[in-house]
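Below: one structure, written as structure tokens.
The values are calculated or read from the model by the stated rules, or taken from the named source; none is laboratory data. The structure displayed is predicted, hence computed values, not measured ones. Here the Cβ positions follow ideal geometry from the backbone for every residue, glycine too, while neighbour counts run over all protein chains shown.
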């Protein structure tokens, strides 16, 4: 299969001259910056944040590259993974003409962003065991299919997809295959990052929101070939990652051992909660999970959800989603939070 990236790029993006910010044009070292119309007196509230951040996030990418084992030119940083998703649509999908394929139930922003960009979203439903329906995916592909979105481990089901099925899609599809690995750190399955060298159409999404515990900083990562990364860089806003986020994430990257310990603790707590819930009288099934949450099928899930709200406990009601009837999605909280939730479920069983 000969992958032709130039065929995928929208004509207007291919011909686009990107905005050149003051910090893009300047290279090297300097002490005095009079080029970007910043407030040179600074802020009375926060020091060191009166200057624009590095638009290319060079130092942060170097730090991430050491952790991920990929050169910086394979890395794009977005304002959350949602910006990466939106940019992939804007760069590669022509509105009103092209289509993409999603595999529901899955992360909803793939479909929402498709509709925002006026791109047809075709659906290949997962099988009852929450695995990919590869034959259905292949049937939906036509000459205008630009992207196949795959979330593994999947949200809201929590499971990882069979690697062979993903590889089958990669080996037979000539558009972009985007594998969203937001939850991969909680899984024993291997990331697809090292497969980038073998699949020029592959894009892998990861995030600092889950395993790293930095959701408020809004930093998503897209890993791909340098050619794909250069197109995303061409279209992104000039200063999409603020300085506070760059500084704090660089600091967090120095504490990998602590993050790994936290991941282990969360996985242990997930497994413990799984064992408790599967014996609960309200629970019909707890689905296996490779993420930091559990999908739980419960008798009268909506009523249980509403009862937990009265106790100040918010879980996610997924019972209106196909294949997730009567299911709640429960994030692995702290030990105290899980204890309070289980106490509330016990009260619900006893209530008249």
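Side notes on the structure shown:
- Region 292-324 - residue that is assigned to a helix (DSSP H, G or I) and out of contact with any helix residue (DSSP H, G or I) (no Cβ under 8 Å at 6 or more places or on another chain) and, of those, farthest from residue 180 (Cα to Cα): 310
- Being modelled with pLDDT of 95 or more, under 20 Å from residue 242 (Cα atoms) and out of contact with any helix residue (DSSP H, G or I) (no Cβ under 8 Å at 6 or more places or on another chain) holds for only one residue in 59, 83, and it is 83.
- Taken as a whole, the condition of being closer than 24 Å to residue 331 by Cα and under 21 Å from the mean Cα position of the chain (by Cα) applies to residue 221.
- Neighbours by Cβ (under 6 Å, 6+ apart or cross-chain): first from region 199-210, not assigned by TED's automatic domain parsing to the domain that holds residue 149; second assigned to a strand (DSSP E or B) and crowded, with 24+ Cβ neighbours inside 10 Å: none
- Across region 169-181, not a single residue is classified as crowded, with 16+ Cβ neighbours inside 10 Å and over 26 Å from residue 5 (Cβ atoms).
- The test for being at negative phi and buried (at least 16 other Cβ atoms within 10 Å of the Cβ) holds for residue 317.
- Taken together, the residues in region 153-179 that are out of contact with any helix residue (DSSP H, G or I) (no Cβ under 7 Å at 6 or more places or on another chain), under 16 Å from residue 106 (Cα atoms) and either assigned to a loop (DSSP other than H, G, I, E, B) or touching a residue at least 60 places away in the same chain (Cβ under 8 Å) (or both) amount to 9.
- Residue in region 65-82 that is closer than 20 Å to residue 216 by Cβ and in a helix (DSSP H, G or I) present: yes
- Residue in region 328-338 that is part of a loop (DSSP other than H, G, I, E, B), surrounded by 18 or more Cβ atoms within 10 Å (Cβ to Cβ), modelled with pLDDT of 95 or more and in contact with a strand residue (DSSP E or B) (Cβ under 9 Å, 6 or more places away or on another chain) present: yes
- The residues listed here are 228, 263; of these, the one that is under 24 Å from residue 106 (Cβ atoms), touching a residue at least 60 places away in the same chain (Cβ under 8 Å), assigned by TED's automatic domain parsing to the domain that holds residue 341 and not in a loop (DSSP other than H, G, I, E, B) is 263.
For (1) surrounded by fewer than 20 Cβ atoms within 10 Å (Cβ to Cβ); (2) assigned to a loop (DSSP other than H, G, I, E, B); (3) without any contact (Cβ under 8 Å) to a residue 60 or more places away in the chain, each residue gets a yes or a no:
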{"site": "244", "(1), (2), (3)": "yes, no, no"}
{"site": "257", "(1), (2), (3)": "yes, no, yes"}
{"site": "270", "(1), (2), (3)": "no, no, no"}
{"site": "290", "(1), (2), (3)": "no, yes, no"}
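- Of the set (1) under 23 Å from residue 264 (Cβ atoms); (2) in contact with a helix residue (DSSP H, G or I) (Cβ under 7 Å, 6 or more places away or on another chain), all apply to residue 287 but (2).
- Single residue of region 113-139 satisfying the filter (surrounded by 17 or more Cβ atoms within 10 Å (Cβ to Cβ) and in contact (Cβ under 8 Å) with a residue 40 or more places away in the chain) that is farthest from residue 332 (Cα to Cα): 126
- Only one of 300, 312 that is surrounded by fewer than 16 Cβ atoms within 10 Å (Cβ to Cβ), without any contact (Cβ under 8 Å) to a residue 24 or more places away in the chain and under 16 Å from residue 346 (Cα atoms): 312
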